[in-house]
Structures are given as structure tokens and as C-alpha cells.
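*Asks:* There's a structure below that I have some questions on.
The values are calculated or read from the model by the stated rules, or taken from the named source; none is laboratory data. Because the structure is predicted, anything quoted here is derived from the model rather than measured. Here Cβ is always computed from backbone atoms with ideal geometry, including for glycine, and neighbour counts include all displayed protein chains.
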């Protein structure tokens, strides 16, 4: 059995705790680890930022533990209760294959050969590549659905476009890893924040398992490489438009269907739609579709609606021709609606958003969306919402410039962005009623929406996240810095309570760019730097986070925004806590408190001032605990606890109780810690604070084990 105080064991525990920083239990354990390491080594040790630094800290801890049995027992107790990364507990499955599938025998045999190749340490990976609409995605899914016995431990799917069902936001490799880990049933809060830790966890989840992974709409080898593994039972299928240079894989080109198979597919789809094919017209239909499955299905839809016209052969790209035919077959209003909705890659267009974008009422918008879906020009997403294929978007955007003009296209996007802002701000306030917001524009919801509680508001805000992120990109292109800022600020509850840090990072960077471009010395620019820094802190990009907080504090001080200045300095202190730089953290919290003295009775943030000071008291207590100054830490934490008890904030009450209990534990007063832990657990009974409860139970186990008689 591995000695828990050995260098390897200490490094493993610190590595596991560090990779668990995505949830409250992991953050609290990391902070506890910092204080314990300081006690063990006898001086400040900064948090490790990489493998080399981690090994160095582990060696220092091991050397110090060899001569102190009491500290060795304390470390062993911590190691046993430290949180670990999540574990898979679901067998993922692909969504259903298309109902009608024809031919592709050669391509399917090539997939089977690569999947059956003897294990030799090389990843099993095949790239299906072909032009849009040719059916690479359908082929990957169909083959996977017919090979269930080959992959009894599951089949995973990720759409690398960054939109639509099963999409990885922004197609970022780290987001792809998160999406795949979620399909194993690992909760979002148990997925490590860093890409390297995510990659390690995915490899652990796939080792000794027989799995299929389908990566759809890949654009580069960089998106795929982090997913690859040498596990002998894992097979990866990549669907792409072109071969991917830099990826060592079997390339399988996918071309047009033969005339025989194209006829069969068209006949099967038409029959299912109860359409009697005109045999005389059939050669013309087949010639125009040129073996493209997408074009054939679109033609069947137009035949069903009696909108088919013989316009000769496609001549070029059959799929693009099918889109053009479909648009011409629409009523003018529906065609215009599609052109304007296609201006951005909205992942889930519902009736309210479509109505705002097109200037319609919601009933008319819902009817239009249904018509576009029946014409196969939109695809169903979830909850009555739709998305537009890239192939269709590309054509519709070009047509919009010709038919509607640039001004009309931009105005449609602007209306969509405005709808996103009007949706997001009330939901954000309902999801997080405490604290302050810069400007805090109190505007009613456009549809009079009211939320039953904060949880419901947070859920709908998260459900709309894809559209809101797309709106931030659109607003930046429109040079609408105000909307970029307001949307980012509205998404703060999602960042605070649900993580999603890698998803939000590009939007926050856009917010910094937009506000700096508009006015580099503005309060909005400062606030964006603070929000970015908080995100980077969670992603363990600490050097950049420090720069962001420092710049935020500089701007806030220059413009005389006292409340924002205090927040930026406080945030820098929180970063220092994460880095185990406890004295510097304490100094930041002291400085933030002094800055708050400048908030006037009628100034911005004055109403939140008592709560802000209570939070600073709690933070100072945490820093003092890390410094080993138990009595001072206790006094600060008692002060914060009294405030949160008085304002009936169960969650912050529980956090202050937890901090106080950990202070007692660190100072050797474990019997005094136990009742505080029990009170904190009771306070969280209705708060759905699953991960904080995990930390509390681990803390209780340690304290009970160190109690009298042990």
C-alpha cells in the first residue's frame, strides 16, 4: 500500500485536488491544502502551477512530514478526505440514425477494417470527408448504430461546429473534452477546469472500455487530437469536409450516390411522405440532385408540397442548388425570414427570438419556423426551437445581401441582439438578486416573464446561453459595445453558480475588446477586466488573471468609481488566496475595505455596503487562517457569521460556519468545530449546495477522527 506521506502520494493528492477546482468542494479543499502545506513546511509555499512545481511542493511536504508524526497524521487525514475527479456512471449512446439509408457499402467496410485493426498502441481513427450535404455525418451515425455489439460500453458524440444539439461551445478542444465527459454522466462541477486535467480524466474514463467516439463537422486536427487515446477498445470517427492535415488517420472519401442508390433513396423518402413519383419526371429530379443525399431529401420535400420544377441539371454543387431551389419555392415572406435569421449562427431559434428579429408577432413567427422546417431549410433543435445548417446559412447570407441589402441584414441582427439583452438582464437579476451591477438597468421583460425562484431563472439563462454568446459576437461586429457589456454582465450568475468558464471566456475577451475600443478609461472597461479575471482565476490562468485585476483597479481608481475599485482589489485578493499567497491576500482585503470608506451614503453600491464588508471580513478570516493566526481569523469569521445570520442568507451563513470550523480544526480545536459543521449542514438543507455538503462531510469525518479518544 502506498505510504500517504510519500512524495508520489502527496503529489497525487495535490494534483487531484487541483483538478477538482471546478466545484465548491474542490476550491475549499485547495484552500485548505494551502494552509496545511504552510503549517507542514513552516513557511509560505506558493501554489504549484505545473507538474514540475507540483513535484517540488510534494518533496517539501514529504521531507517535513518525516520528522513530525502529528503533522503526518493531519496530512493523512486530509489526503483521505480530499475530493477526487468525477467517475463515469452512464453508458452514453448515439442519437438515432436516419430512417432511410442507402449504399455506402465500401465506406462502411473501410470503417469496420479500422475498427477491427489489431491493437498496436496507435489510436484507431478514421476521417470521413466529403462536401456539404454528401452524408458524412449520417454515415458515421448509421455505422455506429449498427455496430452496438462492438461498443458495449457506450458511444459518444460531439458536434465540433459549436452549435446545435450535442454541440461543444465554440468548438474549442477543452469544450469538446467537457462535452464528452458530461456524456459519461460526470456532473459539470466535477469536470476539471484545465484542458490537461480534462484530457487525463477522459483517458481514465475510456481506458479498458470498448467505446465509439464520433466527432462531427471537424475543421482541424487540433480539435480532434486531445480526444485520441491508445486505449485498445476505443474507435474514433471524424466527419469533415476535407482531410485533416496533421491527423494520422485512415481517410475515407465520401462521394455522390450512384444513380441506382439515389433513385432508391428518393423513392423511399417520397413513399414515406405519401408522394406518388412521376416516373417521367424522375430522371430530371435525379439529374438535378446529382447523387447528393441532402438534395434528394430536399427534392422529396418539395415534391410532397408540389413545389418541384424542372430546371435542368444542377451543373455545379447539387446541395447548394437544392438550397436555392428550396428558397425559390418559399413564399416571399418566408424566404425573407430565412435570409434574415441566417445572418448569425444562432444555435436554437425559438418563436420569441424570431419574432423580434423579423418584426412579427410570436404566432406568425412560430408558423414561419414550422414552414421552414417542413421545407427542410431549418432543423429541429429542442423545445420547439430550430437551427440552420451551415450549407443553408452560407447561401442565405449571400442571398440576403442581394435581395434585402446590407442595412436590412444588419438591422435584423441588431434586433436579435436587443432581444437577447432584454431576455438576459431580467433573468440575471432573478438568478442573483444580491450584490450590485454596474448601471443595473431596471427594465421589464419584453414578454412579462416572471420566475418562481432563482433556480428557474438560472436554468433558462443557461438554456439560452448559446444564443447569448452568439449575440455577444454579433454585437462586437456591430460595434455595439453597450450590448456586449450588458450581456456579459448578465451572464455573471452563470459563471458564478454554474461554471461554464471555458464557454464564457471568448465572450469575456470580446467584452474587454469592445469596451476598450469604445472608451478605454470607462467603468465598463474596468468591470469587464474584473469579470475576465474572475473567469481566468477559475481556469487557473493566474498570471493573466492578475493582469486583468490590476488593470481593472487602475481604471476604476482613475475614473473615481469607488465600488468597482474595491471589487477589483478584492478579486485580486481572492486570486492570491487561490495561489496560497495568504499575506498578500490579506493586504488586498484590507485595502478593499479602506477603499469602501469612500462610498458615499447615496453613491453607487451604498445599499450593498454592509454585505460587501461582511464578505471582506470572511475573506480576511480565510487569509488569516492560512497564515496560522487562529485567534484573529476566528474574530473576523465570527463577525461575518453574525452578519449573514442576521440577514438570513443560508448559503453565506454556511460558508462562514465552514471557514470557522476549518479554523478550529487547523488550530487543534476539533471538538469546537463539530457543532459548527452540523449547523452548516443544516443551513444548506434547502440550498441544493451538493458540493459544499461534500466538503462539509469530509471536514466532519476528519474532525471526528481527531476527537478525544482517537
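*Asks:* For segment 309-332, give me the residue count where each residue is outside any helix (DSSP H, G or I) and at pLDDT 85 or above.
*Replies:* Selection size over segment 309-332: 2.
Let's see how each residue does on (1) more than 26 Å from the chain's Cα centre (by Cα); (2) farther than 30 Å from residue 386 by Cβ; (3) in contact (Cβ under 8 Å) with a residue 60 or more places away in the chain; (4) not in a loop (DSSP other than H, G, I, E, B):
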{"site": "149", "(1), (2), (3), (4)": "yes, yes, no, yes"}
{"site": "156", "(1), (2), (3), (4)": "no, no, yes, yes"}
{"site": "180", "(1), (2), (3), (4)": "no, no, no, yes"}
{"site": "185", "(1), (2), (3), (4)": "no, no, yes, no"}
{"site": "189", "(1), (2), (3), (4)": "no, yes, yes, yes"}
{"site": "193", "(1), (2), (3), (4)": "no, yes, yes, no"}
{"site": "202", "(1), (2), (3), (4)": "no, yes, no, yes"}
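*Asks:* Related question: Looking at (1) buried (at least 18 other Cβ atoms within 10 Å of the Cβ); (2) closer than 19 Å to residue 460 by Cβ; (3) over 25 Å from the mean Cα position of the chain (by Cα), which is the one condition that is false for residue 362?
*Replies:* Going through (1) buried (at least 18 other Cβ atoms within 10 Å of the Cβ); (2) closer than 19 Å to residue 460 by Cβ; (3) over 25 Å from the mean Cα position of the chain (by Cα) one by one, residue 362 breaks only (1).
*Asks:* Exactly one of (1) exposed (fewer than 15 other Cβ atoms within 10 Å of the Cβ); (2) touching a strand residue (DSSP E or B) at 6+ places or on another chain (Cβ under 9 Å); (3) assigned by TED's automatic domain parsing to the domain that holds residue 192 is unmet by residue 121. Its number?
*Replies:* (2)
*Asks:* Based on what the data block shows, is residue 540 crowded, with 24+ Cβ neighbours inside 10 Å, touching a residue at least 24 places away in the same chain (Cβ under 8 Å), under 23 Å from the mean Cα position of the chain (by Cα) and closer than 20 Å to residue 506 by Cα?
*Replies:* Values: crowded, with 24+ Cβ neighbours inside 10 Å: no; touching a residue at least 24 places away in the same chain (Cβ under 8 Å): yes; under 23 Å from the mean Cα position of the chain (by Cα): yes; closer than 20 Å to residue 506 by Cα: yes.
No, not satisfied.
*Asks:* Also, quick follow-up: Of the numbered conditions (1) surrounded by fewer than 20 Cβ atoms within 10 Å (Cβ to Cβ); (2) part of a loop (DSSP other than H, G, I, E, B); (3) out of contact with any strand residue (DSSP E or B) (no Cβ under 8 Å at 6 or more places or on another chain); (4) in contact (Cβ under 8 Å) with a residue 60 or more places away in the chain, residue 79 fails exactly one; give the number of that condition.
*Replies:* Just one mismatch for residue 79, condition (2).
*Asks:* Being part of a loop (DSSP other than H, G, I, E, B), touching a helix residue (DSSP H, G or I) at 6+ places or on another chain (Cβ under 7 Å) and without any contact (Cβ under 8 Å) to a residue 60 or more places away in the chain narrows it down to one residue among 437, 415; which is it?
*Replies:* Exactly one residue qualifies, and that residue is 437.
*Asks:* Out of 636, 645, 613, which single residue is free of Cβ contacts under 8 Å to residues at least 40 places away in the same chain, surrounded by fewer than 21 Cβ atoms within 10 Å (Cβ to Cβ) and not assigned by TED's automatic domain parsing to the domain that holds residue 567?
*Replies:* 645
*Asks:* Based on this model, can you work out whether residue 425 counts as over 30 Å from residue 608 (Cβ atoms) and either crowded, with 17+ Cβ neighbours inside 10 Å or under 29 Å from the mean Cα position of the chain (by Cα) (or both)?
*Replies:* No, not satisfied.
*Asks:* While we're looking at this one, here's another question. Please go through segment 365-407 and pick out each residue that is surrounded by fewer than 16 Cβ atoms within 10 Å (Cβ to Cβ), assigned to a loop (DSSP other than H, G, I, E, B) and at pLDDT 90 or above.
*Replies:* 405, the sole residue that qualifies.
*Asks:* A further question follows. Residues that are buried (at least 16 other Cβ atoms within 10 Å of the Cβ), modelled with pLDDT of 90 or more and within 25 Å of residue 522 (Cα to Cα): does segment 444-464 have at least one?
*Replies:* No, segment 444-464 contains no residue that is buried (at least 16 other Cβ atoms within 10 Å of the Cβ), modelled with pLDDT of 90 or more and within 25 Å of residue 522 (Cα to Cα).
*Asks:* Is segment 21-36 home to any residue that is surrounded by 15 or more Cβ atoms within 10 Å (Cβ to Cβ) and more than 30 Å from residue 181 (Cα to Cα)?
*Replies:* Looking for residues that are surrounded by 15 or more Cβ atoms within 10 Å (Cβ to Cβ) and more than 30 Å from residue 181 (Cα to Cα), one finds at least one in segment 21-36, hence yes.
*Asks:* Tally up the residues in segment 496-518 that are at pLDDT 85 or above and closer than 17 Å to residue 463 by Cβ, please.
*Replies:* 3
*Asks:* While we're on this one: Within segment 610-640, can you find the residues that are in contact with a helix residue (DSSP H, G or I) (Cβ under 6 Å, 6 or more places away or on another chain) and not in a helix (DSSP H, G or I)?
*Replies:* Selection gives 627 alone.
*Asks:* Filter segment 52-63 for residues that are over 15 Å from residue 34 (Cβ atoms) and in contact (Cβ under 8 Å) with a residue 24 or more places away in the chain and give the result.
*Replies:* Of everything in segment 52-63, those that are over 15 Å from residue 34 (Cβ atoms) and in contact (Cβ under 8 Å) with a residue 24 or more places away in the chain turn out to be 55, 59, 62.
*Asks:* Same structure, new question: Looking only at segment 509-567, how many residues end up being farther than 25 Å from residue 188 by Cα, in contact with a helix residue (DSSP H, G or I) (Cβ under 7 Å, 6 or more places away or on another chain) and not in a helix (DSSP H, G or I)?
*Replies:* Counting residues in segment 509-567 that are farther than 25 Å from residue 188 by Cα, in contact with a helix residue (DSSP H, G or I) (Cβ under 7 Å, 6 or more places away or on another chain) and not in a helix (DSSP H, G or I) gives 4.
*Asks:* Okay, moving on. Across segment 95-105, what is the total count of residues that are at pLDDT 85 or above and under 18 Å from residue 238 (Cβ atoms)?
*Replies:* Total meeting the criteria: 1.
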